[in-house]
Amino acid sequence: MDGIFIDKNITLLKVMPLLIVVAYLSKGIFRFLQVYFMRYVGQKVIEQIRNELFEKIVNLPLNFFNVTSTGVLMSRITNDVNLVQQSIQIVISLIREIVTVIGLIAVIIYMDWKLALATILCYPLLIHPLRIISRRLRRLSRKDQEMMGGLSSMLQEAFSGIRIVKAFTSEKKEIAKFNKLNGVVVGYVIKSIKTAELSSPLMEFISSLGFAAIIYFGGMQVINGTSTPGTFFSFLAAALMVYRPIKSIGNSNNAIQQAIAAAERIFSILDLENNIVANNGSIICNAKEKDIEFRNVSFKYEGTEKLVLNDINLKIKAGQQIAFVGSSGAGKTTIANLIPRFFEITSGSLMIGGVDIRDFDLKSLRSEISIVSQEPFLFNDTIANNIAYGRNEDVPKEDIVSAAKAAFADEFISQIPTGYDTEIGERGIILSGGQKQRLTIARALLKNSPILILDEATSSLDTESERLVQKALDNLMKGRTALIIAHRLSTILEADMIVVLNENKVEATGRHEELLKISPTYSRLYKMQFNME
């Protein structure tokens, strides 16, 4: 201003436009490079966080999934990670703004340190109010993200159970439930907006005090001749330029508080200890022709005091078919879940071939066990891929077909136009219950593990489907140690040994005829089913 407009320096006037063009061109180039590389790095960081989070969740013991809903976990991986992702670019911008503020403050101090001091003294007034706002924002954001997890859980439940919703004409009830929960989520968002927006007028008011000081004291210096108009307006321009990055820092604080709350929720999972994986053994398990033995085994779920299993002593010889019966809640399924270490034994020891299962490498232990559950679970994939699930290597097509034939599944698969390449939809929606169960049996046959767990594998099937599935199960059990959990006693009358559980203990063991005489529980269950039939 002084050089061009007051001293009328033509040379400086000619140079200045070129300098402006070079400055803006340089700014554009470096801004592009900064944004591209920082976002690239940010995306890679988020990719790693999401991968680690999914890996951690998948490896957590079953007890974690018993107390944590699927929707909440989905919200952690999607919503929470997205909030952290959005904050990365903001943090980078924040660093740039802080450097800009420091540079501009250095400029105004160099120009006039007394006037700069009067300006800068106003900004410490912002610290305490911003701390209060930040604390409230983080608390509201944490609640909002928790409610979003609940909303995701509610959606997952409603969509998964849409048949039941429609069957009971409960659409209005589900809509009302969603509207109420969605209203709570929006309520927390509105509170966050109200709190966040308080920072902007607060900063503007405190900044206006600084500008007022500049106008008054700087104007007096020009009037008194101790400063030139060019120096004053240059100082004023630099001071005004400080305001924009400071305001940006204040606005960035809102997003950062949300990201901190999201990061706390993410790391609350990443920091969870997995005692089963932490205590992984090193011995490679080979369960073929090996006995299974329970020695004084007791078990209770984490965080509870009641024993689900109490002092279980049991020896299962290799190749035997062992059935577990008892009233609901007696601990039948729990016994089966302990063998692959889905849960950790509270006390006692569980041995395979004389070796405690905790001394086995976890992956090798579970590779020796196949499970067929009451509710067959199939993935949204082809029939062939569902049968071959869990096999790391490429499985020859003939092996898949052979397993399907042994499971009496090839007949219905061959009738489908696309055969083994058929996409079966979510949870195998296009198949009947019996067809789905035969596919899970084919999957177990292909895995070819020496230990087999059948968890009420036929209880939910009709008579015709049960007959076919039972024939497939007979093929599956040949040459394997089979643990059969059954409510229908008619399916286990020929078992080598029947274990009767009552009040979380073994009441009796033996064959069918023997147990009718010595076990009140077995006799009662058999008579109840016999009378019903």
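Each reported figure results from applying straightforward, stated rules to the coordinates on display, with no laboratory input. Bear in mind that the values here come from a model prediction, so they are computed numbers and not experimental data. Every residue, glycine among them, receives a Cβ derived from its backbone with ideal geometry; neighbour counts consider all protein chains shown.
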What number, in percent, do you get for the relative contact order of the chain if the mean sequence gap of Cα pairs under 8 Å and at least 6 apart is divided by its residue count? 14
So between residue 30 and residue 271, what do we pick up on full extension, going 0.36 nm a residue minus the alpha carbon distance? 82.9 nm
Viscosity 1.306 mPa s, temperature 10 °C: Stokes-Einstein D of the chain from its Kirkwood Cα radius, in µm² per second? 54
With each label point set 7 Å from Cα along the Cα-Cβ vector, what nm distance links residue 177 and residue 132? 4.1
So what's the net charge close to residue 184: Lys and Arg +1, Asp and Glu -1, counting the other residues with Cβ under 12 Å from its Cβ? +2
Return the Rg/Rh value of region 2-270, two decimal places, where both radii are evaluated on C-alpha atoms and Rh is the Kirkwood radius. 1.15
Which whole-number percent gives the relative contact order of region 2-270, counting Cα pairs below 8 Å spaced six or more residues apart? 35
Taking the Cα-to-Cβ direction at residue 394 and at residue 139 and moving 7 Å from each Cα, how far apart do the two end points lie in nm? 6.0
Residue-count net charge about residue 409 - beta-carbon cut-off 12 Å; Lys, Arg +1, Asp, Glu -1: +3
Quick calc: nm separation of the 7 Å Cα→Cβ label points for residue 59 and residue 304 -> 2.7
Here the alpha-carbon Rg of region 375-448 over 2.2 N^0.38 Å rounds to 0.95
Jot down the radius of gyration and Dmax of region 226-278, Cα atoms only, both in angstrom. 23.4, 77
Nearest 0.05, what FRET efficiency do residue 282 and residue 414 give at R0 = 45 Å with Cβ-Cβ as r? 0.50
In degrees from 0 to 90, rounded to the nearest 10, what is the angle of the helix 127-160 Cα long axis to the longest principal axis of the chain? 30
Cβ-based net charge around residue 269, under 15 Å, with every Lys or Arg adding one and every Asp or Glu removing one: -2
Taking region 190-305, the whole-percent share of alpha-carbon pairs separated by over 23 angstrom is 66
Could you state, as a whole-number percent, how many of the C-alpha pairs of region 77-174 are farther apart than 17 Å? 73
Taking r as the C-beta separation of residue 224 and residue 7 and R0 as 22 Å, the FRET efficiency to the nearest 0.05 is 0.55
Here Rg/Rh (Cα, Kirkwood) for region 156-254 equals 1.49
Mind putting together the pair-distance distribution for region 117-200? All Cα pairs, 10 Å bins, whole percent per bin, short to long. 16, 31, 21, 15, 10, 5, 2, 0
